[in-house]
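J.: If you scroll down you'll find the structure; I have some questions about it.
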Amino acid sequence: MDPAFLTIAELSRLYDQRELSPVEVTRNLFDRIAAHDSKLHSFIRVTPEVALAEAQAAERELMAGRRRGLLHGIPYALKDIVETAGIPTTGHSKLCHDYVPAADAHLVSRLKAGGAVLMGKLATWEFALGGPSWDLPWPPARNPWNPDYLPGGSSSGAGSAVAAGFVPGAVGTDTGGSIRGPAAVCGIAGLKPTYGRVSRRGVFPNTFTMDHCGPLTRSAEDIALFLQVIAGFDAEDPGSEYAPVPDYAAALTGSIKGLRLGLIEHWYADGAHPDLPPAMSAAVEVLRGLGAIVEPVQLSSLRDYTDCKTTISIAELYAIHEKGLKTRPQDFGRILRNRVLPGALIRAEDYVQALRWRTVLAREQAMALKQFDALLTAGARGVADHADPNQPDRLVSVPSITMPFSVGGLPALAIPCGFSRAEGLPLSLQIAAAPMAEPTVLRIAHAYQQATDWHHRHPDLR
């Protein structure tokens, strides 16, 4: 049995039935990585010795009837800004080429305690911001649906590796869309949890006030299983929320009858890929057919949200990287340098006013969620970008459809909802809800996936 595109839920059932073993799955996936990742560059580093030791331990425990958790024996990989004790964590940057952390990030400790199997560290944009870049020690990752295209960013390797069938799940980070963007253009599921739901301790910072860690998998059900393991309060992360962790899988009832969903259509109605509005309309009709009430809702423009978020993040980014920019500017990639240096020109007045603007925009979302159980929009306004080193930097010039829910700190999930006709590349639906309402987001996504088969379609790497 080829485990490449088995879900986390399926692997766990097959382990329990003794039809597959963690060691067998781990070896099979490493063979697949060896055969195909030279075209995709999703991994910066594979960790076969670590993985096989963890898989062997998991196999012994499972055979003895001892299950540590929902990811016991399940292979996964980490965006290479997540620190791993004794394993280099590079940030995909020359500045951290030889950095070996002494301790694991908090979420890695949770995954280890749960018996998960670490396959390696994944490509990212430099420090989760500067990319896609061709002047770094490792090449940018590519999209498994077509390697002439990119897998989005900044969790680029995570999107690519999960979509390619190298791992059933990966950890990414999301400050303005860095989990949801790769999920959207790679045709998988990616969740930015509520701000503070998953600890960021031991993760390279991007923007202190908007950084999130979360899972990328191939289904909403797997997102629920993965989140269950990594969510929870961490007293050493000042942004962590002290809130109980619910049973996310229990929310996957299959029923969304009577839920009220607000459709933010104006964010993608103009200027998006021509195949996106019809795909979104079809997705809405599926949700209506399942008994949901879908009505339009108007929020501020994407331009407003993008400008607010960017003003805050560029100031915080400069504060994070100021020392490196002053002492080792030549070691940064060109794109990261160009994106961060303007932060030196942001006045305190600008930063404070942007924070006040953020409060206004977040309140706008909160008011909309008094009328609706969740909000719907597209996961991306187009398909994946061409892998072109000469492509102009459009990170700020093109408004982002994922940034609004980063500004609001809301849980937001991207899942596939179709493919473009000309390129044959994935299109995506985005679902968001109130803070800590991940169960609602997952319930809607799971019901949609029970009624559709987009998440069962996979790229052919041959």
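The values are calculated or read from the model by the stated rules, or taken from the named source; none is laboratory data. Quantities reported herein were computed from a predicted structural model and do not represent experimental measurements. Please note: Cβ atoms are built from the backbone with ideal geometry, for glycine as well, and neighbour counts cover all protein chains shown. In case anyone asks, the SASA skips ligands and DNA or RNA and just uses the protein heavy atoms, side chains included. Shrake-Rupley method; radii C 1.70, N 1.55, O 1.52, S 1.80 Å.
J.: Given the whole protein assembly as supplied and a 1.4 Å probe, what does the accessible area of Trp145 come to in Å², nearest 10?
T.: Answer for Trp145: close to 60 Å² accessible.
J.: Which value results when the Cα radius of gyration for segment 302-398 is divided by 2.2 N^0.38 Å?
T.: It is 1.35.
J.: Computed over the Cα atoms of segment 204-250, what is the convex hull's projected area averaged over all directions, in nm²?
T.: 4.0 nm²
J.: Right, next: Based on the Cβ-Cβ distance from Ile293 to Asp31, what FRET efficiency comes out when R0 is 45 Å, to the nearest 0.05?
T.: The value I calculate is 0.40.
J.: Right, next: Å³ per residue of the Cα convex hull, for the chain?
T.: Roughly 131 Å³ of hull volume per residue.
J.: Can you give the accessible area of Trp357 in Å² (nearest 10), computed on protein heavy atoms with a 1.4 Å probe?
T.: 90 Å²
J.: Give the residues of segment 418-443 whose amide nitrogen is closer than 14 Å to a point set 7 Å from the Cα of Asn146 in the direction of its Cβ.
T.: Answer for segment 418-443: 419-427.
J.: So what's Rg/Rh here for segment 1-149, counting alpha carbon atoms and using the Kirkwood radius for Rh?
T.: 0.99
J.: Something else: For segment 43-108, what does the accessible surface come to per residue with a 1.4 Å probe? Please give it in Å².
T.: Roughly 40 Å² per residue, with all protein chains present.
J.: Can you give the accessible area per residue of segment 113-245, in Å², using a 1.4 Å probe?
T.: 21 Å²
J.: Another one. What's the carbon and sulfur percent of segment 134-281's accessible surface, probe 1.4 angstrom, rounded to a whole number?
T.: For segment 134-281, the apolar C and S fraction of the accessible surface comes to 54 percent.
J.: If I stretch the segment between Arg303 and Thr209 completely, what's the gain in nm (0.36 nm per residue apart, minus their alpha carbon distance), one decimal?
T.: That works out to 31.9 nm of additional length.
J.: Shifting gears a bit: Mind grabbing the accessible area of Glu19 for me, 1.4 Å probe, Å², rounded to tens?
T.: The accessible area of Glu19 comes to roughly 100 Å².
J.: Here's another thing I want to ask about it. Among all lysine pairs in the chain that are eight or more places apart or on different chains, how many have alpha carbons less than 17 angstrom apart?
T.: 10
J.: Still on this structure: Counting only heavy atoms of the protein chains, get the accessible area per residue of segment 345-430 (1.4 Å probe) and round it to a whole Å² value.
T.: Each residue of segment 345-430 exposes 45 Å² on average to a 1.4 Å probe.
J.: So in the chain, what percent of DSSP beta bridges are antiparallel if you round to the nearest 5?
T.: Counting only bridges with both partners in the chain, antiparallel ones make up about 70 percent.
J.: How many nm separate the modelled label positions at Ser255 and Asp453, each set 7 Å beyond the Cα in the direction of the Cβ?
T.: 2.7 nm
J.: Same structure, new question: Going by amide H atoms built from the backbone, whose H comes under 5 Å of the H on Thr194, apart from near neighbours?
T.: Met436
J.: In Å, what Kirkwood hydrodynamic radius results for segment 35-82 from the alpha-carbon pair distances?
T.: 12.6 Å
J.: Just to verify a number: FRET efficiency for Ala85 and Met367, C-beta to C-beta distance, R0 = 35 Å, to 0.05?
T.: Result of the calculation: an efficiency of 0.20.
J.: Could you tell me the relative contact order of segment 5-63? Use alpha-carbon pairs under 8 Å, at least six residues apart, and round to a whole percent.
T.: Once divided by the residue count of segment 5-63, the mean separation gives 44 percent.
J.: Would you compute, from DSSP H runs of 4+ residues alone, the mean residue ellipticity of the chain at 222 nm, taking -39500 (n - 2.57) per run and dividing by the full residue count, rounded to the nearest 500?
T.: Calculated from helices alone, the mean residue ellipticity at 222 nm is -11500 deg cm²/dmol.
J.: Okay, next question. Residues of segment 298-338 with amide nitrogen under 12 Å from the 7 Å Cα-to-Cβ point of Asp350?
T.: 308, 310-316, 318
J.: Ignoring any ligand, DNA or RNA, what whole percent of the accessible area of segment 82-124 comes from carbon and sulfur when the probe is 1.4 angstrom?
T.: Roughly 55 percent, rounded to a whole number.
J.: Report relative contact order for segment 258-367 in percent, whole number only (criteria: Cα-Cα under 8 Å, sequence separation at least 6).
T.: 29 percent
J.: Any chance you could check the Cα centroid distance between segment 1-79 and segment 133-181 for me, in angstrom?
T.: Result: 20 Å between the Cα centres.
J.: Based on the Cβ-Cβ distance of Ala53 and Asp135, what FRET efficiency does E = 1/(1 + (r/R0)^6) give at R0 = 30 Å, to the nearest 0.05?
T.: Here the calculated transfer efficiency is 0.25.
J.: With each pseudo-label sitting 7 Å past Cα toward Cβ, what's the Asn390-Arg66 distance in nm, one decimal?
T.: 6.0 nm
J.: Could you work out how far the C-alpha centroid of segment 407-462 sits from that of segment 207-286, in angstrom?
T.: Going from one Cα centre to the other spans 8 Å.
J.: Leaving out ligands, DNA and RNA, and with a 1.4 Å probe, what % of the accessible surface on segment 379-458 is carbon or sulfur? Let's see the in-between values first.
T.: Details: 1380 of 2810 Å².
Accessible surface attributable to carbon and sulfur in segment 379-458 totals 49 percent.
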